[in-house]
Each structure stands twice: as C-alpha cells, then as structure tokens.
Amino acid sequence: MDYKRLIIRGISYSQTQSGAYALLLEHEETNVKLPIVIGNFEAQSISLGLEKDIHPPRPLTHDLFSKFVSSANFDLTSVIIYQIVDGVFFSNINFKNKTSGEELIMDARTSDAVAMAVRFEAPIYTTPQVLNEAGILLELEEPSKEEEVHEAVTNEGDLSTLSIAEINRLLEEAVRDEDFDAALELQKEIKKRNKKID
C-alpha cells in the first residue's frame, strides 16, 4: 500500500461542535490537510505529548499505556489512518517487539492513536483514498474577502448559487480561520460538482 506520511499541524477549538477540538494533520509533500474532530481529553493528551517539557503530576491514560508498552519490550512503530466511514476515521497502531521482532497491530480511535504516536515519536500515515475523501487542499494565492458570498453560505447554507471560484475562496478562508467543519462542507460541494463534470 502506498501510504502518505502526515505531520501534526495543530489543534484548535471546534467552532461548530461544543466541547470538541479539531486536530489538523498535513501530508508532507502535497500540503493536503486532514482535519479530524477529537474530544477535549484527547486534545489535551496530544498537546501534552507534543510538549516534552510538561509533565502532569499524575500519568494520563496515554502515558500509562505508553509505559506499559515499553515495559513489555515493545515499540510503537507507526500509526495508520486507513479508512473514513460517515465522517469517522479508523486507525491502526503498529507495535514491534524489540527482542523477538514480533509485530502487533491494534485497532484504535484516531485520537488515541495520535496521542500514542507523539509519545513514541512514531510516524503517522494515511491512505490516498482517505486523503482524497477528507483532505483539504489550499491554493497558494491570497484568499479574497467577499463578505456577501460568506454570508450566503453561513446564513442560507445554499452553496448551489455560488461559482466554483467563490467556493474555493470560502474554503481557503475556512481553513485559515480553522473552521474545519465548514471547510469539509465546502470540500464536499466541490467534489460533488467535479463528479458531475466527469
């Protein structure tokens, strides 16, 4: 399988889902971004895993499991986000025994998998299909500020009246403002129109 490596670009508060956060992963070569909605605890755990200098007074669940994995003489070698179904991402955590070379694959929520990967500094991969279905690609040009177009989407939710260029500009704005839920809706509209052309 031709896996695509992802890097963590950041975590932000979700503007549309109360109490949720958006984890932003990015494909290193194409800059396609993969936004994943995660919970508050997982967002905190990933953030703490990235900040190597900060140690909570008591171990978090991911810290505890990481210590168990290491104590069992295993290493976390990679995380693979292999599927998306109805907006839900599916991931595997790949382990390898340091002595015997035995490999172990465990199914996990993507937020948990990423929280574990940052603790082991393990690579995160996905498939071209997942990137194609849920990825967002930004164009390099500066986004245009068109308030009337933006209001048409936010107030009426009717994207059919907008041109593809206007939708692309709104997509750029949404990603820049870290409104990944709106960005996914705009991306779906673009893909729907592209399918009609095909």
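Here are some notes:
- Between 0 and 90°, nearest 10: helix 110-120 axis offset from the chain longest Cα axis: 50
- Between helix 180-197 and the chain: long-axis angle, C-alpha atoms, 0 to 90°, nearest 10: 60
- Portion, in percent, of the accessible area of the chain that falls on carbon or sulfur, probe 1.4 Å: 50
- Classified by the C-alpha gyration tensor, the chain has a prolate form. Its axis ratio a/c, with a ≥ b ≥ c, is 1.5 or above, and a/b is larger than b/c.
- Taken about its Cα centre, the chain carries a charge dipole of about 940 debye when Lys and Arg each add +1 at the Cβ and Asp and Glu each add -1 at the Cβ.
- Judged by the gyration tensor of its Cα atoms, with axes a ≥ b ≥ c, region 1-72 is oblate; a/c meets the 1.5 cut and b/c is at least as large as a/b.
- Segment R109-K188, extension gain: residue separation times 0.36 nm, minus the distance between their alpha carbons: 26.1 nm
- GNM top mover of V79, V118, V88 - the chain, alpha-carbon springs below 10 Å: V88
- Modelled label positions at F41 and D86, each set 7 Å beyond Cα in the direction of Cβ, lie 2.3 nm from each other.
- Degrees, to the nearest 10: 40-50 long Cα axis against longest axis of the chain: 70
- Ranked packing of 34-44, 99-109, most packed first, by mean Cβ within 10 Å: 34-44, 99-109
- Ellipticity at 222 nm from helices only: DSSP H runs of n ≥ 4 in the chain, each -39500 (n - 2.57), divided by the residue count, give -11500 deg cm²/dmol.
- Taking every protein chain into account, the accessible area of the chain amounts to 58 square angstrom per residue (probe 1.4 Å).
The values are calculated or read from the model by the stated rules, or taken from the named source; none is laboratory data. Just so it is clear, the structure is predicted and the values come from calculations on it, not from any experiment. Backbone-built Cβ (ideal geometry, glycine too); neighbour counts: all protein chains shown. For the accessible areas, the whole protein counts, side chains as well, though only heavy atoms, and no ligand, DNA or RNA atoms are used. Shrake-Rupley method; radii C 1.70, N 1.55, O 1.52, S 1.80 Å.
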